[in-house]
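Read the structure below first, then the notes.
The values are calculated or read from the model by the stated rules, or taken from the named source; none is laboratory data. All of these numbers come straight from a predicted model, not from anything done at the bench. Backbone-built Cβ (ideal geometry, glycine too); neighbour counts: all protein chains shown. Note: accessible area is taken over every heavy atom of the protein model, side chains too, but ligands, DNA and RNA are not part of it. Shrake-Rupley method; radii C 1.70, N 1.55, O 1.52, S 1.80 Å.
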Amino acid sequence: MLLRTIEKFLRDYQIAPTRFGRDAVRDPRLVFDLRMGRDPGDRIKRRVEHFMNEYRRSVSQ
């Protein structure tokens, strides 16, 4: 579910996967690892969701 949300976010905002990972959780391989089956912990999930929410807010202002 998280990966689908991230993929849609990347398409909607035209952000590179490495940039997203670096900005969201300081891990440029995050999206690639998720695509390969990485199971993120709750802390990573919360940080990713927080980043996406803040990014949406900043773009809509």
*asked:* Return the residues of segment 47-59 that are open to solvent by 70 Å² or more (accessible area, probe 1.4 Å) and of a type in the set (A, V, I, L, M); say none if nothing qualifies.
replied: V59
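From D39, D33, D27, D23, which residue is in a helix (DSSP H, G or I) and more than 9 Å from the chain's Cα centre (by Cα)?
Exactly one residue qualifies, and that residue is D33.
Any chance you could count how many residues in segment 23-61 are among the β-branched types (V, I, T), modelled with pLDDT under 95 and more than 15 Å from D12 (Cβ to Cβ)?
Residues of segment 23-61 that are among the β-branched types (V, I, T), as a first pass: 25, 31, 44, 48, 59.
Adding the requirement that they be modelled with pLDDT under 95 leaves 59.
The next check asks that each one be more than 15 Å from D12 (Cβ to Cβ); those that pass are none.
Residues meeting the conditions: 0.
Can you give me the number of residues within segment 4-41 that are open to solvent by 80 Å² or more (accessible area, probe 1.4 Å) and either hydrophobic (A, V, I, L, M, F, W, C) or without any contact (Cβ under 8 Å) to a residue 24 or more places away in the chain (or both)?
Matching residues across segment 4-41 total 12.
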*Would you tally the residues in segment 1-18 being in a helix (DSSP H, G or I) and more than 9 Å from the chain's Cα centre (by Cα)?*
6
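Is it the case that I44 is among the β-branched types (V, I, T), in contact (Cβ under 8 Å) with a residue 40 or more places away in the chain, surrounded by 14 or more Cβ atoms within 10 Å (Cβ to Cβ) and assigned to a helix (DSSP H, G or I)?
Details: among the β-branched types (V, I, T): yes; in contact (Cβ under 8 Å) with a residue 40 or more places away in the chain: no; surrounded by 14 or more Cβ atoms within 10 Å (Cβ to Cβ): yes; assigned to a helix (DSSP H, G or I): yes.
No.
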